[in-house]
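The next block holds one structure in the form of structure tokens; read it before the comments.
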Amino acid sequence: MAKSTESAHAHRKDEHLALAQTTYEAASASDFDQVQIIHQGLPELAATDVNISTNFGALSMATPFYVEAMTGGSSRTGSLNQQLAEVAATTGLAMAVGSQSIALREPASVASFTAVRKANKTGLIFANLGAGHSLADAQRVVDMMEADALELHINTAQEIVMPEGDTDFYWLKNIETIVAHLSVPVIVKEVGFGMSQETADKLQSVGVDYINVSGCGGTNFARIENERRHLQERSYLTGWGQSTVQSLLEVQKSPLHIFASGGVRNPLDVFKALILGADAVGVAGYFLHVLMTDGQQALQDEIITWQTALRDLYLLTGTKDQHSLHDVARVLSPALLAYQTQRGL
Ligand code: FNR
């Protein structure tokens, strides 16, 4: 598939990727830094007794962090998808693909997604589609990937900033239908603007079991869409949304299974998301940055380092397995505490 023959939609995928990379900056100030874990000098645990695997609902992951939804749709993004999938297969990580709506319209783009399943025959793979799509389309993208779950993204703020974006956001009934009939679990996912308890409650009321709060603090789609058009008329939205930490506080009493993503920079951020209630933690922008800057081997090495470091954090805090995560003593900054109080969380 030569670049010149690719569609405007495929071109948009390349632009998102390039802008995610050029606008990438490891957040020097993050809400994750506003959560302090209390050091305990006597963990009464050995490294050999630590188990970092996570099991929730119908899903099991040997490592509780994974490669979050990013890409597919063009030849360039297809080759990145393949590299991400090879790394995920080698390191035993789950992986989500980017939105497959382009694959429903443009058969030539299907291979850029299915390359992921080809490279990782037995691993956990999440399909991805917008929440406005029909049940039939949702089942098609799941079948295309032989996916283990579907991430159904809700991205109102991104659509608002995109000139060609949707403005019809009656999604809840559609989500209910998809959740009730799809052959695999559905994870309703934000794309970097965070989730509120009200949204989580609405989702729960229509039968959703899994949410991904994907908060702000990392990849910023308001900024990416503004830069893409070389226009800054929606630049006042670049600070829109709740951070991942605030979102986890929002849903801390929710009975739903919770994925977190958004601005995760290191294994300590992963651990903090887990102790704040996440069952699994997605990493998009940072892994993409490592892959595009230093290559596939570097990403693989980085993930292996994170796996070891995460085990060390469990050990340091006396956390034997996922069941003891909520016992880890933590203190919130005054700003987070005020947020929690004002929101009545
Ligand atoms: C994304 N993200 C995303 N999410 C989704 O559900 N469907 C998609 O198609 C995409 N596309 C996409 C492209 C690129 C290049 C990036 C970097 C990200 C959003 C992603 O899954 C995640 O929710 C946010 O990026 C926040 O996580 P990070 O990047 O801060 O770790």
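Here are the numbers for this structure:
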read-out	value
Equivalent ellipsoid semi-axes - Cα gyration tensor, the chain, angstrom	30, 23, 20
Among Pro185, Pro43, Pro64: highest mean-square fluctuation, GNM of the chain, C-alpha pairs under 10 Å	Pro43
Accessible solvent surface per residue of the chain, calculated while the other protein chains remain in place, 1.4 angstrom probe, Å²	42 Å²
GNM top mover of Glu25, Glu225, Glu86 - the chain, alpha-carbon springs below 10 Å	Glu25
Computed over the chain: relative contact order in percent, which uses C-alpha pairs under 8 Å that are six or more apart	22 percent
Residue (of Gly277, Tyr339, Ser74) at the positive-pole extreme of segment 30-343, dipole from beta-carbon charges	Ser74
Accessible surface of segment 30-343 [probe 1.4 Å, protein heavy atoms]: carbon and sulfur percent	51 percent
GNM top mover of Ser99, Ser235, Ser75 - the chain, alpha-carbon springs below 10 Å	Ser235
log₁₀ of I(q)/I(0) at q = 0.17, 0.21 Å⁻¹ - segment 129-168, Debye sum with one point per alpha carbon	-0.51, -0.69
By average C-beta atoms within 10 angstrom, highest first, the peptides 151-163, 207-219, 252-264	207-219, 252-264, 151-163
Segment 284-345-segment 166-221 distance, computed between alpha-carbon centres (Å)	23 Å
Rounded to 5, the percent of DSSP beta bridges in segment 30-343 classed as antiparallel	20 percent
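The values are calculated or read from the model by the stated rules, or taken from the named source; none is laboratory data. Since the structure is predicted, the reported quantities are computational estimates derived from the model, not experimental observations. Using ideal geometry, Cβ is built from the backbone for each residue, glycine included, and neighbour counts are taken over all protein chains shown. What goes into the accessible areas is simple: the full protein's heavy atoms, side chains included, and nothing from ligands, DNA or RNA. Shrake-Rupley method; radii C 1.70, N 1.55, O 1.52, S 1.80 Å.
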